[in-house]
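To start, the structure under review is shown below, and the notes come after it.
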Amino acid sequence: MTTASMSITTQTAEFRAAGTDLSERRRSGVSQGPLIDITARPDTIGIDWGTDGAARIGAFTTISAIAADARINAAYPGLAAAALGLATPQIRHLATLGGNLAQRSRCWYYRNPHIACLKKGGVDCPARGGNHLYSVALISALRGPASLDHGSGAVGL
Amino acid sequence: MIQGIGYALYEAREVDPRTGDILTAGMEDYRIPGIADTPSIDVHFDEGGFDHVLGGSVGIGEVATVPTSPALANAIRNATGVRFTEIPIRPTA
């Protein structure tokens, strides 16, 4: 844990909750640093409703739980539809909302273990002048490149 | 025929324009039809006309796959008035 804690300060460690995305990046070699497993506190699982009718969804709530929640379907049908369209039933059953929001870029340059990029210790962002069929490269001077999947046809059916 | 739908609407090998690195390196990016992309399909077997083939048997793989993409292109032309001559035909094309 000491090593992992030190690695957080150098930004080489990654947190693992359900690990549905991280496992694939470990296999491909894109993620190689130390891992820190995090487990759910009870107050981070489930959906609370405020008096104003707004939902507060815990970070460890699974995607399938969000998709199946009747009140979410009524109040936030877009959210429910997005949750139901994500990945596959097996992944939705494990994957958490926090992991979905915090997952690494879907950029196919970043995810290709044979291509160097700023997010993997490389010196430039090949996505900037590259192929953007399914995404757009956003370059921030402070935070580096981010690639947003614009999602056409990306929903697993 | 589902494979032909993939040819027509989804499948494309994308490369980096400078290095030639393959970018569609997995099934997330090399897209193929899923269940919800696949309509119900009526299949007609033309059982005659193969007497000249030794044994009377013919292959069905390419025969079913290849014509599907031009059939879809024709359907898109019929529906929209736009003639696409390259595949895959995407909403952004």
Q) If r is the Cβ-Cβ distance from B:Val63 to B:Ile41 and R0 is 22 Å, what FRET efficiency results, to the nearest 0.05? A) 0.90
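Restricting to DSSP H runs of at least four residues, report the calculated mean residue ellipticity at 222 nm for chain B, -39500 (n - 2.57) per run over all residues, nearest 500 deg cm²/dmol.
-8000 deg cm²/dmol
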Q: Could you tell me how many degrees, from 0 to 90 and to the nearest 10, lie between the Cα long axis of helix B:68-80 and the main elongation axis, the longest principal axis, of the Cα atoms of chain B?
A: 70
Q | Integer Hz, Karplus 6.51/-1.76/1.60 couplings in order for segment B:17-22, x for Gly and Pro | A | x, 9, 9, x, 4, 6
Q: Please list the non-local residues whose amide H lies under 5 Å from the amide H of A:Ala87, H modeled 1.01 Å from N, same-chain partners needing a gap of 5 or more.
A: A:Gly156
Q | Per-residue Cβ neighbour rank within 10 angstrom, fewest leading, A:Trp108, A:Trp49 | A | A:Trp49, A:Trp108
(Q) Show me, for segment A:39-52, the HN-Hα J-couplings you get by feeding each phi into the Karplus relation (A = 6.51, B = -1.76, C = 1.60, θ = phi - 60°), rounded to Hz, glycine and proline as x. (A) 10, 7, 7, x, 7, 9, 10, x, 10, 9, 10, x, 5, 7
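Rule-based calculations on the coordinates, nothing more; no lab input. This one's a predicted model, so the numbers in the text were calculated from it and none came from an experiment. Glycine gets a Cβ as well: all are built from the backbone with ideal geometry, and neighbour counts include every protein chain shown.
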